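The values are calculated or read from the model by the stated rules, or taken from the named source; none is laboratory data. These figures come from a predicted structure and were not determined experimentally. Cβ placement follows ideal geometry from the backbone for every residue including glycine, while neighbour counts extend to all protein chains displayed.
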4 protein chains.
Amino acid sequence: MLKIGILGCGRIGQVHARSIRNLDDARLIAVADAVAPAAEALAAKTGAQVRTSDEIIASHDIDAVVIGTPTDTHYDLIHGAIAAGKAIFCEKPVDMSADRIRDCAKAVGAAGVPFLTGFNRRFDPGFADIEARIREGEIGEVEIVTILSRDPSPPPLSYIRSSGGLFRDMMIHDFDMARFLLAEDPVQVFAVGSALVDPEIGKAGDVDTAAVTLTTASGRICQISNSRRATYGYDQRVEVHGARGLLRAENHLENSVEVATGAGFRRAPAQNFFLERYEAAYLAEMRHFVEAVLSGKSPKPGIEDGLRAQMLADAAAMSLKTGLPVRP
Amino acid sequence: MLKIGILGCGRIGQVHARSIRNLDDARLIAVADAVAPAAEALAAKTGAQVRTSDEIIASHDIDAVVIGTPTDTHYDLIHGAIAAGKAIFCEKPVDMSADRIRDCAKAVGAAGVPFLTGFNRRFDPGFADIEARIREGEIGEVEIVTILSRDPSPPPLSYIRSSGGLFRDMMIHDFDMARFLLAEDPVQVFAVGSALVDPEIGKAGDVDTAAVTLTTASGRICQISNSRRATYGYDQRVEVHGARGLLRAENHLENSVEVATGAGFRRAPAQNFFLERYEAAYLAEMRHFVEAVLSGKSPKPGIEDGLRAQMLADAAAMSLKTGLPVRP
Amino acid sequence: MLKIGILGCGRIGQVHARSIRNLDDARLIAVADAVAPAAEALAAKTGAQVRTSDEIIASHDIDAVVIGTPTDTHYDLIHGAIAAGKAIFCEKPVDMSADRIRDCAKAVGAAGVPFLTGFNRRFDPGFADIEARIREGEIGEVEIVTILSRDPSPPPLSYIRSSGGLFRDMMIHDFDMARFLLAEDPVQVFAVGSALVDPEIGKAGDVDTAAVTLTTASGRICQISNSRRATYGYDQRVEVHGARGLLRAENHLENSVEVATGAGFRRAPAQNFFLERYEAAYLAEMRHFVEAVLSGKSPKPGIEDGLRAQMLADAAAMSLKTGLPVRP
Amino acid sequence: MLKIGILGCGRIGQVHARSIRNLDDARLIAVADAVAPAAEALAAKTGAQVRTSDEIIASHDIDAVVIGTPTDTHYDLIHGAIAAGKAIFCEKPVDMSADRIRDCAKAVGAAGVPFLTGFNRRFDPGFADIEARIREGEIGEVEIVTILSRDPSPPPLSYIRSSGGLFRDMMIHDFDMARFLLAEDPVQVFAVGSALVDPEIGKAGDVDTAAVTLTTASGRICQISNSRRATYGYDQRVEVHGARGLLRAENHLENSVEVATGAGFRRAPAQNFFLERYEAAYLAEMRHFVEAVLSGKSPKPGIEDGLRAQMLADAAAMSLKTGLPVRP
């Protein structure tokens, strides 16, 4: 039984609490949030106690912490948790600065504590199945990876201004997915982007429509495209072209109904909300973390994966700025 | 090279002319129609001569006749063509009366002339593929066949009054398909039906919505349903459940485009017109006829198949009338 | 907050316990099972207490009971729960005998206690969406309903011998679905069936492959087919043809991945297990029950629906036996 | 009636002959080929005469020429046909050199003869439907175009050595498609590529796996990827993401059959051969050419479109060589 404390009771903290509730070998002991009513509400719903973050990190009845607080607090919480010997499940991005992630990675490595970076999409049943089939050689050598991600609608401008930009906030998931599926680290990043959805996003110095090309040393290619808008739901598709075949994961629609009329055959829109779309992934992610920690294995993706994705995002931002391909 | 004469230059005669034009080993020599301008128009388009039906049947430069005239003329034309030793491609139904078909079948058998009954759907690439897979044992023993056919809209009432009714006019194709896929002749027919599309059809003594259950001696089951109306195009689906798997053929849509909006993911309607939907089937049907005749083999489906389908239609009509299962 | 006791801690009792755990306005207070370790295991997992069935029914801290015990115990438990004024969620079938269900229905009506018959499929997001669209008139008047259900593999012969036969054990769900979608009670039932999957099932007096045709007073038609075997997973499809369009619900596949090779494009098999396939339906069913009871409304489907489905199953069994259409 | 001569009786000349045979307002008068038996065979099949190219260009009974000869002969034939006042249907690429195409374009413009560049894919029913919907504003402003093309297998090395390379030989179609769908000319081209399918292709100085990013002045983005190999057939997909929705065209499968077994649900491979895949497109292309010429309109795509696509291919080749984005 893994005893867990949740730091941060916002949307993502609540998701993880629900996952823990559905696992037989994990128990949520305590929750913390800078906003007291948020912690109290989650505690009431789950039967967990309310403690401060420091108290949770120091608690002897807690084995692992789930860090879902604002990004700029991660660094200190990670170091605190390392010092207390806790297993760590940290939401992405680990930090806005690759240097500071590198610093954390060193400390994690030195202390040998289990660390999972919250790239939940690796645990999506479809994407995980694709990776497993690649690993088993079902389509031979990977040659071209295509990733299409579109959010239903852009976040508020206030969020965009502090998010680090599309590459670090949104495409970061796709960079991790690219590494997951290419099975080889990209050596070159080329990015283009525009503000087509909302000119205000452009004025804020960001783009809302972007495309990136990654290449690896052995010549594999990955194309990623992002848009901050999709009228038909949360669009999340991946495909991998290999020497012996193609693997692709289609969108998750709201239901399996098809309506046929004179206008044609219509199926439901894609599931619109990331918590719904990735519900199974979040549960599988927490299950993996709990099982890894309980069995003494390293959870995956680790902090190194968090660092590598951030480096690709930094390189993409630099490529967009300079108009040139960049080595990450 | 098979030299062909077409009897009847209406819609279906024109289809067969186009098929012949696309075959390298067939040539259309002459066409006939009771309505002179119809024959002249088709002749002008194809370069064929205009002759009378009798002349075509008597022509020494013609090997085979395609009979696409009104049903009540088939009987005499078939006997004439048999007497002249022509190979015969006859549109379905061979005749409205099973007894008269039986009579034709005897004459065909005695003369040994090649005879194909125009059940074009057997030549649809999808349905033909299903039948081939069944024959090769891909899904093991056939257990349940499900056939769903819906026409885009009902024919004129004048046609319905003389058509012999839904079972003989429309479901006849499905009865042949059932025999094709069950690979065993049904021993019981149970039919239900209503006039839901147009009460006038009910007043004319027919139904426009119907369902039939066929069973074979070994216990295989086939369910067929028909409607005279489908807002989303010409609905033509078949599926076969076997001991080791399922085979199904989906509708042919107008194109392969999908439009995604807030309303969901929409593909085109089904091809709306039977000539378009079965264009490939008509070509394959004519190719089969030409190849069979040229190589001295019996084309399939033969006149016996035309008879058996008619017997099932008669049994369904009787079942609807009596409310009881009927032995065909 | 609805306080619930579960009677019967087998597979289905465990499903309902999990649903309750995921609802904010319901709490599982106690569980009972004739087999003590089963009750203890579920209690340990959920934090509920172990009590006897009689104790649960008599408990003042419990508002509602979920009956998931063997069918032959339902009658007494229902009457006990009615006497205690508990809201009742009873698994299907309510009883093997339509007369005894009628008897329960009278008692439920007289006492005015809320009663839900566990036809979980009505709560499947796809099937529920179809029913809602029909009700809102999206496809006009319903004309033909087609229901295809195939189980992955037959249950043990011992179960078949005591199950009441395919129509009462398996197709009962489809009879309820037919009523749900036809929005009109069938007035005629015609059934055919064979033992094609396993001759032992035939020797046990049952069929494993069956097809039923239902007709309503207004002329609507429903075709149902069942098989006890499907190599490709749990096959659960429904479609409704209406005057203005078609609605259909496709199978739920294990994931959304497509693999393309020289053999073609392959997607995953259908979810194989009914608990997985209907997980969302079970949760929605319990949510509906809890919300209905808390807000003083009658849950739906009620005991009358349980009775009507049983009457259709009885009629189908009679039709199979006599070879004739039967009035339910 | 448009009277046509075909120059070049190879594979593509034969395709166009078949298209002409299926059009009521066009007639194939004569065919020419440097290899006499090729011309004779096509003449025999179609009833056309055999003439030399020069004779066809000079023929008074011929209105239009279809140029399907080797690329290096196009330039002279085009100038000859212009001088003779013939309408011209020229296969792509018009020439290997953009300068020489520019030269032809000037001559075509000066003479005012109708000219169609053979980008057949614009006439594919799916792609044409997408372009029409974009034009009608169905998805709002175009933002991201994604084009995935994979050939079933690489051409012989001898062909690759003389083809001008993947960008000029294969991706040229995608460059034209990008222009067709972006409705705006790209201002920047960035290309990456590798020889992953066959190292011999790399030794020959070409790539077999490539990805290109195009951007337009208004910020629209197009991603294209190509592979010379696809085990699952001829992979031809296009999608367009716009402000109000998404349009995509899926592959054409060999038939509409789905086989379900324990391995899942399998559909047929994609049509494997470009003549089969684009059969409808070739017919529509010829129909458009004939109708445009007969009605005095300019066929589209014209020679300017042939030039622009070639310029994008040249820019992509330059980008691959230099590693930098290039202005076309």
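Worth a mention:
- If you go through segment B:42-69 and keep only what is touching a Leu at 6+ places or on another chain (Cβ under 9 Å) and surrounded by fewer than 17 Cβ atoms within 10 Å (Cβ to Cβ), you end up with just B:G47.
- You will find that of C:D129, C:D169, the residue that is among the acidic types (D, E) and modelled with pLDDT under 95 is C:D169 and no other.
- Summed over segment B:313-328, the residues that are among the aliphatic types (A, V, I, L, M), more than 22 Å from the chain's Cα centre (by Cα) and surrounded by fewer than 19 Cβ atoms within 10 Å (Cβ to Cβ) give a count of 2.
- Every condition in (1) surrounded by 23 or more Cβ atoms within 10 Å (Cβ to Cβ); (2) charged (D, E, K, R); (3) out of contact with any His (no Cβ under 8 Å at 6 or more places or on another chain) holds for A:D72 except the one numbered (1).
- Members of segment B:24-41 found to be surrounded by 15 or more Cβ atoms within 10 Å (Cβ to Cβ), out of contact with any Lys or Arg (no Cβ under 6 Å at 6 or more places or on another chain) and within 12 Å of chain D (Cβ to nearest Cβ), listed by number: B:A41
- Looking across segment A:165-195, the residues that are more than 26 Å from A:P125 (Cα to Cα), in contact (Cβ under 8 Å) with a residue 24 or more places away in the chain and over 18 Å from the mean Cα position of the chain (by Cα) come down to A:V187, A:Q188, A:V189, A:F190, A:A191, A:V192, A:G193.
- Check on B:D208, crowded, with 24+ Cβ neighbours inside 10 Å, at negative phi, touching a Lys or Arg at 6+ places or on another chain (Cβ under 6 Å) and facing chain C (nearest Cβ under 10 Å): yes
- Segment B:247-258 - residue that is acidic (D, E) and either touching a His at 6+ places or on another chain (Cβ under 7 Å) or surrounded by fewer than 21 Cβ atoms within 10 Å (Cβ to Cβ) (or both) and, of those, farthest from D:H252 (Cα to Cα): B:E250
- Some residue of segment C:299-320 being part of a helix (DSSP H, G or I), farther than 15 Å from C:D185 by Cβ, out of contact with any Phe, Trp or Tyr (no Cβ under 7 Å at 6 or more places or on another chain) and at pLDDT 95 or above: yes
- Tally, over segment D:247-295, of residues that are of a type in the set (V, I, T) and away from chain C (no Cβ under 14 Å): 2
- Considered as a group, the residues in segment D:271-298 that are small (G, A, S) and in a helix (DSSP H, G or I) include one that is farthest from the chain's Cα centre (by Cα), and that residue is D:A292.
- Members of segment C:204-255 found to be aliphatic (A, V, I, L, M) and without any contact (Cβ under 8 Å) to a residue 24 or more places away in the chain, listed by number: C:A211, C:L253
- Flag for D:A280 being of a type outside the set (D, E, K, R) and buried (at least 20 other Cβ atoms within 10 Å of the Cβ): no
- So B:A191, is it modelled with pLDDT of 95 or more and over 22 Å from D:E258 (Cβ atoms): yes
- Residue check for D:F89: crowded, with 23+ Cβ neighbours inside 10 Å and either among the β-branched types (V, I, T) or under 30 Å from A:R150 (Cα atoms) (or both): no
- Among the criteria (1) among the β-branched types (V, I, T); (2) more than 9 Å from chain D (Cβ to nearest Cβ); (3) in contact with a helix residue (DSSP H, G or I) (Cβ under 7 Å, 6 or more places away or on another chain), the one A:V187 does not fulfil is (3).
- The lone exception for B:S158 - which of (1) buried (at least 18 other Cβ atoms within 10 Å of the Cβ); (2) at pLDDT below 95 it fails: (1)
- All of (1) within 14 Å of chain D (Cβ to nearest Cβ); (2) among the aliphatic types (A, V, I, L, M); (3) farther than 16 Å from B:R220 by Cα hold for B:I144 with one exception: (3).
- Count of residues meeting criterion [over 14 Å from D:S194 (Cα atoms) and either aliphatic (A, V, I, L, M) or not in a strand (DSSP E or B) (or both)] in segment A:196-238: 25
- Among the candidates C:A309, C:A316, C:A281, C:A270, residue that is touching a helix residue (DSSP H, G or I) at 6+ places or on another chain (Cβ under 6 Å), under 17 Å from A:V257 (Cα atoms), touching a residue at least 40 places away in the same chain (Cβ under 8 Å) and not acidic (D, E): C:A281
- Residues that are facing chain D (nearest Cβ under 8 Å) and aliphatic (A, V, I, L, M) were ranked within segment A:211-246; the one that is nearest to B:N251 (Cα to Cα) is A:L246.
- B:D198 being more than 8 Å from every other protein chain (Cβ to nearest Cβ), surrounded by fewer than 24 Cβ atoms within 10 Å (Cβ to Cβ) and out of contact with any Gly (no Cβ under 6 Å at 6 or more places or on another chain): yes
- Test: residue in segment D:45-53 that is under 18 Å from D:F115 (Cβ atoms) and touching a residue at least 24 places away in the same chain (Cβ under 8 Å): yes
- Qualifying residue in segment D:105-126 (condition: in contact with a strand residue (DSSP E or B) (Cβ under 7 Å, 6 or more places away or on another chain) and within 14 Å of chain B (Cβ to nearest Cβ)): yes
- Pairing each residue of segment C:105-129 that is within 18 Å of C:G68 (Cβ to Cβ) with any residue that is modelled with pLDDT of 95 or more and among the acidic types (D, E), provided the two are 6+ apart or on different chains, yields C-beta distances under 6 Å for C:T117/C:D305; C:G118/C:E91; C:F119/C:D176; C:N120/C:E285; C:F123/C:E285.
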